[in-house]
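Report on the structure given below.
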Amino acid sequence: MAPVKVFGPAASTNVARVLVCLEEVGAEYELVDIDFPGKGHKRPEHLARNPFGQVPAFQDGDLILFESRAIAKYVLRKYKSEQVDLLRESNLEEAAMVDIWTEVEIHQYHPALSPIVLECFIYPTLRGLPTNQRIVDESLVKAKKVLEIYEAHLSKHKYLAGDFVSFADLNHFACTFYLMDATPYASLFNSYPHVKAWWEDLMSRPSMKKLGAGMTTRVHLC
């Protein structure tokens with residue numbers, strides 16, 4: 001069976017979201033880089049895979065998918081096993097908790113923390129733009145409010161959906177990794193010991209160690 005293909009740079013947070021799921025399930029995959037400086041993401045061949053000209057795109061035989069969270073869920077469903085069930089769809093209550101905290105990441109966590117990563121890492125290093133400290137400061141206020149809720153929740157549960165790792169946790173990987181490794185605000189988590197313990201536990205997983213090593217190299221090259 002031919003490996004699935006993921007189109008986009010591994011350093012992209014959205015591509016990394018898919019890759020960490022592929023690594024977790026042990027699936028064989030091929031990463032096909034996209035030439036962003038050369039506008040490869042706007043070329044017809046890529047627009048045929050992702051009509052919005054973004055990454056990732058994903059190919060499994062004749063099936064073409066885009067949108068990272070949808071791709072990740074497809075991967076977790078296709079390669080689900082008794083040992084690896086990261087959506088917990090066989091248990092209605094557990095699946096609902098996975099869904100809730102996946103939505104929390106989309107609507108609360110990511111909007112609060114991603115501007116810090118953009119302003120402190122992406123814009124300065126990749127686009128040569130100065131950090132807008134006002135945006136960073138406003139985002140830190142929002143992030144602290146979100147992290148207070150995470151802290152309260154994780155004081156009662158080891159992981160977000162319960163006492164088991166799930167897609168809800170994996171979904172936080174790339175944005176949090178860059179916050180901790182590529183911005184001056186890694187100490188933000190020190191005020192939230194249960195959040196910090198949760199993150200350190202996740203980063204001990206082989207999938208995240210492997211991908212994080214490559215992303216660290218990218219950070220240091222920039």
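The values are calculated or read from the model by the stated rules, or taken from the named source; none is laboratory data. Being a predicted model, the structure only gives us computed values, none of them experimental. Reconstructed Cβ throughout: ideal geometry from the backbone, glycine too, with neighbour counts over all protein chains shown. The accessibility values were calculated without ligands, DNA or RNA, using every heavy atom of the protein model including side chains. Shrake-Rupley method; radii C 1.70, N 1.55, O 1.52, S 1.80 Å.
Tabulated data for the structure shown
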item	result
Rounded to whole Hz, the Karplus (6.51, -1.76, 1.60) HN-Hα couplings of the range 26-34, x for glycine and proline	x, 7, 7, 8, 10, 9, 9, 5, 10
Cα-centred dipole magnitude for the range 65-170, charges only on beta-carbon of K, R (+1) and D, E (-1), debye, nearest 20	300
The range 138-217: C-alpha gyration tensor shape, a/c 1.5 cut-off, then a/b vs b/c	oblate
Share of carbon and sulfur in the accessible heavy-atom surface of the range 4-79 [1.4 Å probe, %]	51
The chain - charge dipole about Cα centre, Lys and Arg +1 at Cβ, Asp and Glu -1, debye rounded to 20	580
Surface share of carbon and sulfur [accessible, 1.4 angstrom probe, percent] for the range 92-211	56
Residues of type lysines that residue 209 reaches as a straight line, Cα spacing below 24 Å, ignoring anything fewer than 8 places off in the same chain	5, 73, 78, 80, 158, 196
Charge tally in the Cβ shell below 13 Å around residue 153, where Lys, Arg are +1 and Asp, Glu are -1, residue 153 excluded	-3
The range 92-211 - accessible surface per residue (Å², probe 1.4 Å)	47
Nearest-20 debye value, the range 4-79 charge dipole, Cβ charges on Lys, Arg, Asp, Glu	320
Over 18 Å [Cα-Cα, the range 4-79], rounded percent	30
Burial ranking of peptide ranges 67-78, 88-99, 10-21 (average Cβ count within 10 Å, highest at the top)	10-21, 67-78, 88-99
Environment charge at residue 63 (Cβ cut-off 12 Å; Lys +1, Arg +1, Asp -1, Glu -1)	+1
Amide proton proximity set for residue 66, modelled H, under 5 Å, gap of 5+	none
Segments 173-185, 50-62 sorted - mean Cβ within 10 Å per residue, highest first	173-185, 50-62
Computed [θ] at 222 nm, deg cm²/dmol, the chain (DSSP H ≥ 4; -39,500 (n - 2.57); rounded to nearest 500)	-15500 deg cm²/dmol
Binned Cα-Cα distances of the chain, short to long, each 10 Å bin given as a whole percent	8, 32, 37, 19, 3, 0
Three-way shape label, the range 150-191, alpha-carbon gyration tensor, a/c 1.5	oblate
